[in-house]
Number of protein chains: 2
Amino acid sequence: MSKKNNTDKITIFALGGVGEIGKNMYVVQYANDIVVVDAGLKFPEEDMLGIDIVIPDISYLTENRDKVRGILVTHGHEDHIGGLPYVLKHLNVPIYGTKLTLGLIESKLKEANLLGETKRILIDADSVVPMGSIQASFFRTNHSIPDSVGVCLETPEGTVVHTGDFKFDHTPVNGQYADLHRMAEIGKKGVIALLSDSTNAERPGFTPSESNVGKNLEDIFRKAQQRVVVATFASNIHRVQQVIDAAIATNRKLTVIGRSMVNVVTIASELGYLHIPDGMLIEPEEVNKMAADRVVILSTGSQGEPMSALTRMARNTHRKIDILPGDTVIIAATPIPGNEKFVGRTVDELFRLGAHVIYGGSITGVHVSGHGSQEELKLMMNLIKPKYFIPIHGEYRMLRQHALLGEQVGIEKENIFIVDIGETIEIQGGAARKAGKVPSGNVLIDGLGVGDVGNIVLRDRKLLSQDGILVVVVTLSKQDGTILSGPDIISRGFVYVRESEGLLDEANRIVTNTLHKLMNENVNEWASLKTNVKDALGRFLYEQTRRRPMILPIIMEV
Amino acid sequence: MSKKNNTDKITIFALGGVGEIGKNMYVVQYANDIVVVDAGLKFPEEDMLGIDIVIPDISYLTENRDKVRGILVTHGHEDHIGGLPYVLKHLNVPIYGTKLTLGLIESKLKEANLLGETKRILIDADSVVPMGSIQASFFRTNHSIPDSVGVCLETPEGTVVHTGDFKFDHTPVNGQYADLHRMAEIGKKGVIALLSDSTNAERPGFTPSESNVGKNLEDIFRKAQQRVVVATFASNIHRVQQVIDAAIATNRKLTVIGRSMVNVVTIASELGYLHIPDGMLIEPEEVNKMAADRVVILSTGSQGEPMSALTRMARNTHRKIDILPGDTVIIAATPIPGNEKFVGRTVDELFRLGAHVIYGGSITGVHVSGHGSQEELKLMMNLIKPKYFIPIHGEYRMLRQHALLGEQVGIEKENIFIVDIGETIEIQGGAARKAGKVPSGNVLIDGLGVGDVGNIVLRDRKLLSQDGILVVVVTLSKQDGTILSGPDIISRGFVYVRESEGLLDEANRIVTNTLHKLMNENVNEWASLKTNVKDALGRFLYEQTRRRPMILPIIMEV
């Protein structure tokens, strides 16, 4: 650790992850050293039409690229690593992660052709990493993916702790407890600021242990008289291990389907995070040759994603596996907000095929959350005992509820900061304050385009999606302004033409009359012609249909 | 009741409400007499872009209009009455409903200019209505709107019971218990078929009493040191009464905002379903003049609807009422699936304004469901004791769970029919069977258009919403096919033009080259030119952007 300079300060801000669920990216700067924690992606909001994914605006980091010492990655979930392929293209800095986390990142970087040029540094919970004047160390946490850690950043101005995503699982599947002792030790030495996961801040009590799920899975497997299909998040290796264990206990073989499930199971097995006995795995093609009560199918699709393996099976369009009447399907997940309808539809389709469907998450005991509930959040705050508290990783209401919990455990109300994306907290001489904003926001990715879709394009997509478009084509004579051809009206997404001929004929007359009137008045600038056609036609269509399609007049002169 | 003819039979089917939540409409026919139960609307699914509402296809009824004896309406919710203005335009038949139900219907018909021509017949729970060979009677139920009834249809072939929406509330707010005795009596006389509400068939146990909410509201009102805002469904008159009662108990005045809330409170007060002491109501304009702890604001917007009063207040755009730091806002509802994000956003915005926000439904005790849970569904089946059971009012998985409950209480598995929309059950000689389909489906309403938006238009809207549209305009010479003007490429919802000039310039070259090539090959039919331009441009854009905008080539000849 370098010596303290009286004018130096800690600056903390989020480039993503506050006021939203997703694209987690937090920055801690001391003097000329910047440490980034995570670089996630977010799935688009419902008003971001046509957008594939959303990543943080990292212009603050690219403008200060010489100061960025590296990206510490807390765990391997998409909302923490999914932005890396985009971020690393513009900011080639070292990445630090535990074994499984790096394994998952490397598979991503390989796809993006970035593996060779990216420096990847393996850490474990005992690593200490000097990053200029900041010294990073780690502590083990429990989460719905193994090998997750919290981060402890010691600076001359004090220690900043970032929890990563966490719960306290007192009976963890892999025997690796959250490191209460190290957290206690960190707390005892003194922490100036804590950034802590707010996902379940609205939920009272304790989140149940992942190992509860295993017992229930085994019960269900035992009762099932035919094949069992289990859909869960691929990255939930503990869950996957419990599926394997339940399969072993009930003398069933296992097959794995869905791209991300195959990918994660492969990586996790290779790295020693999954224990699959020899001869346990069978190919999907072999399923139909086996006795139905000797097979478990582990699948993607727990969110009802349209192209996933489970959705295909539910629709009877999976190439290799059909659901048969009497099969048991377990959806071991709860729908992420926004996905309820997709999951519901998948359940409906599975029921229609005659399957027994076990769904609904915690009610049926086949899913538990990976995030700590209120009592666990309080436990974390009481262990770390920070002077300042910044709730992160959550929508505003979750941050707010977390702040209230902070007050309950005795953190001073004025020492709790709920921040927006880009809003900075500066700590100097032991005192923290809000100190302006750095550039920040959403970068929208649509196909290969990164950031080329902005508000105007989205607004147009919204308009088009509501009432469609009418293109009005007219050719005018350059000499005398008479109509040489058209108006032709082409409609897409407005009305079904064959059933609305009368309406479109009338629309045609409106355009013709408008143009004739303007000619008679000697109005002949294009802009004026277009605006008048647009207004007259828009008014007419709204009166007739109460709809406002986009109108695109194309007036040509020859 | 007319005499039985051996060839006559009962036919039962749903025109809406099975396999979906919404647009409830059920049909029971005996010989030449058709009785319709309810005529609801549904809100559009997320893939029905730009659609306002969805109603049932009633072509079976209009084709058999001389047989339709009337529409029995079980209660005044939109998913049971919202289709009436459209249905009655094509099918002028009498409507039967209880006082509040008719009151709400009449307000709808007035807006649609249908009040004069519609025969409305007031019934109560004791009414007996002959409808040709079918005799209708009713039984009182509990639901989240007063004056709800179930329907009992006696035919020469046996009695069919339709529960309407129901729960069993043993401590109802208005003292009106579900009529257990009449249900028992009906059951004892013998019922051939039961159609019963499946909404909460997935939920174990009993739904709590509405009166639980009242106590919690009063507690919250008492602790609130400033104004209290309560948002709930306008039609939940019991809830509204409890808000009024809690306001009285805590010495607060009440103001009502939001169009549907004002409308329903007015109708319900006039008809005697709401008891508001004189001097209790104040105008919204008076709120700011009152001491903050003397006011309750009753508002719409419990679903986070974008234009609702609560949403406007949360965004600080309500004309009359601002939320002040320290105000208490109660959202006394749970989000309908699909609305979670809207409600979440409203809560976020209210928190940002400094309000105490109480939300989350049953966890905080400010909302209970209006539909019975599994034990209540079993109670209903045990009271009515039907030979055949048809679960209605629910998505497929709910119907399925309800069917399983039916088996549990001893209804023969082969006597339980889960039906699709339009699928008929015929009962003759005491035996029921599935017997084909009648025309049925969704009629989409977009603005003033009823049914003029079909799959092609929706598919276009979907395409447009994802990647926008490119219009390519070229004028060719009639003589020699040379390009006289263009190609001009106009893009909407594809890319932001100023940032993508290079791409569009290149697109332009592609179109020009394609046309030149075709000219040289003497290809000059429009269809061919268009297809070639579309394909070449589409291929190029997909390679460059991985997007597939709609491409509309407009080729003019002069």
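Quick notes on this one:
Okay, residues lined up against (1) at positive phi; (2) among the charged types (D, E, K, R); (3) out of contact with any strand residue (DSSP E or B) (no Cβ under 7 Å at 6 or more places or on another chain); (4) open to solvent by 70 Å² or more (accessible area, probe 1.4 Å):
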residue	(1), (2), (3), (4)
A:470	no, no, no, no
A:484	no, no, no, yes
A:496	no, no, yes, no
A:506	no, yes, yes, no
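- Within region B:144-161, the set of residues being within 22 Å of residue B:103 (Cβ to Cβ) and open to solvent by 10 Å² or more (accessible area, probe 1.4 Å) comprises B:144, B:147.
- Identity of the residue in region A:210-233, of a type in the set (Gly, Ala, Ser) and farther than 25 Å from residue A:339 by Cβ, that ends up least open to solvent (accessible area, probe 1.4 Å): A:224
- Scanning region B:520-543 for residues that are closer than 16 Å to residue B:472 by Cβ, in contact with a helix residue (DSSP H, G or I) (Cβ under 9 Å, 6 or more places away or on another chain) and open to solvent by 40 Å² or more (accessible area, probe 1.4 Å), we see that the one that is nearest to the other protein chains (Cβ to nearest Cβ) is B:539.
- Here residue A:168 passes the criteria (1) in contact with a Ser or Thr (Cβ under 9 Å, 6 or more places away or on another chain); (2) farther than 18 Å from residue A:10 by Cβ; (3) open to solvent by 10 Å² or more (accessible area, probe 1.4 Å) except the one numbered (3).
- Residue match in region A:53-66 (condition: at positive phi and crowded, with 22+ Cβ neighbours inside 10 Å): no
- Total residues in region A:461-473, condition part of a helix (DSSP H, G or I) and farther than 21 Å from residue B:44 by Cβ: 0
- Pairs are defined by a Cβ separation below 8 Å, a sequence spacing of at least 6 or placement on different chains, a first member in region B:121-146 that is among the acidic types (Asp, Glu), and a second member that is not in a strand (DSSP E or B); the pairs so defined are B:124/B:98; B:124/B:99.
- Any chance residue A:314 is without any contact (Cβ under 8 Å) to a residue 40 or more places away in the chain and surrounded by 24 or more Cβ atoms within 10 Å (Cβ to Cβ): yes
- When region A:465-496 is filtered for residues that are without any contact (Cβ under 8 Å) to a residue 60 or more places away in the chain, facing chain B (nearest Cβ under 9 Å) and either of a type outside the set (Gly, Ala, Ser) or in contact with a Lys or Arg (Cβ under 7 Å, 6 or more places away or on another chain) (or both), the ones remaining, listed by number, are A:488, A:490, A:492, A:493, A:494, A:495, A:496.
- Qualifying residue in region A:548-556 (condition: open to solvent by 20 Å² or more (accessible area, probe 1.4 Å), assigned to a helix (DSSP H, G or I) and among the basic types (Lys, Arg)): no
- Candidate set from region A:336-353 (those that are of a type outside the set (D, E, K, R) and either surrounded by 21 or more Cβ atoms within 10 Å (Cβ to Cβ) or within 7 Å of another protein chain (Cβ to nearest Cβ) (or both)); member that is nearest to residue B:401 (Cα to Cα): A:351
- Test: residue in region B:259-272 that is part of a loop (DSSP other than H, G, I, E, B) and at negative phi: yes
- Hey, residue A:533 β-branched (Val, Ile, Thr), farther than 17 Å from residue A:466 by Cα, in the same structural domain as residue A:469 (by TED's automatic domain parsing) and part of a loop (DSSP other than H, G, I, E, B) or not: no
This table checks each residue for (1) farther than 24 Å from residue A:354 by Cα; (2) of a type outside the set (Lys, Arg); (3) touching a Gly at 6+ places or on another chain (Cβ under 6 Å); (4) in the same structural domain as residue A:376 (by TED's automatic domain parsing).
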residue: A:173; (1), (2), (3), (4): yes, yes, no, yes
residue: A:176; (1), (2), (3), (4): yes, yes, no, yes
residue: A:179; (1), (2), (3), (4): yes, yes, no, yes
residue: A:186; (1), (2), (3), (4): yes, yes, no, yes
residue: A:193; (1), (2), (3), (4): yes, yes, no, yes
residue: A:198; (1), (2), (3), (4): yes, yes, yes, yes
residue: A:228; (1), (2), (3), (4): no, yes, no, no
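- So residue B:490, is it surrounded by fewer than 22 Cβ atoms within 10 Å (Cβ to Cβ), part of a strand (DSSP E or B) and in the same structural domain as residue B:27 (by TED's automatic domain parsing): no
- Which listed residue, of B:429, B:410, is more than 12 Å from chain A (Cβ to nearest Cβ), open to solvent by 60 Å² or more (accessible area, probe 1.4 Å), within 30 Å of residue B:385 (Cα to Cα) and among the small types (Gly, Ala, Ser): B:429
- As for region B:385-406, it holds no residue that is within 14 Å of another protein chain (Cβ to nearest Cβ), without any contact (Cβ under 8 Å) to a residue 12 or more places away in the chain and part of a strand (DSSP E or B).
- Selected residue (only one of B:433, B:397 is among the basic types (Lys, Arg) and touching a Gly at 6+ places or on another chain (Cβ under 8 Å)): B:397
The values are calculated or read from the model by the stated rules, or taken from the named source; none is laboratory data. None of the values given here were measured: they were computed from a predicted structure. Note: ideal-geometry Cβ built from the backbone for every residue, glycine included; neighbour counts use all protein chains shown. In case anyone asks, the SASA skips ligands and DNA or RNA and just uses the protein heavy atoms, side chains included. Shrake-Rupley method; radii C 1.70, N 1.55, O 1.52, S 1.80 Å.
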